[in-house]
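These notes concern the structure reproduced below.
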Amino acid sequence: MNMILFREQILRVKNDENIPFLLVGNKVDLEEKRQVTIEEAQSRAQLWSVPYVETSAKTRANVDKVNLVFSPKVAERSHNSFARNFVALC
């Protein structure tokens, strides 16, 4: 499935425009087989207002960076969701 349709499907199913996303370019170690240019990926990330990280599971390039970039976004969302639900229950 193409990334644009996949993101749209997630947003539609969740019915929430504030879902944290991170655009990840995988297999950066296979530069000769690249299908999406860095510029295209960065442009899409900018359009969606999300971070973009290129990774390689094989070389572990930026694998930890994905967690460092994305985990705070998820934690913030979880905290905000908890706070809204807590207030709503009081």
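The values are calculated or read from the model by the stated rules, or taken from the named source; none is laboratory data. Being a predicted model, the structure only gives us computed values, none of them experimental. Note: ideal-geometry Cβ built from the backbone for every residue, glycine included; neighbour counts use all protein chains shown.
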Those residues of the stretch 13-37 which are hydrophobic (A, V, I, L, M, F, W, C), closer than 28 Å to Ala75 by Cβ and part of a loop (DSSP other than H, G, I, E, B) amount to Ile19, Phe21, Leu22, Val28
Quick check on Ser81: is it at positive phi and either at pLDDT below 90 or within 14 Å of the chain's Cα centre (by Cα) (or both)?
no
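One line per residue, one yes/no per condition, for (1) modelled with pLDDT of 85 or more; (2) farther than 19 Å from Ile10 by Cβ; (3) assigned to a helix (DSSP H, G or I); (4) hydrophobic (A, V, I, L, M, F, W, C):
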{"site": "Ala45", "(1), (2), (3), (4)": "yes, no, yes, yes"}
{"site": "Ser71", "(1), (2), (3), (4)": "no, no, yes, no"}
{"site": "Glu76", "(1), (2), (3), (4)": "no, no, yes, no"}
{"site": "Phe86", "(1), (2), (3), (4)": "no, yes, yes, yes"}
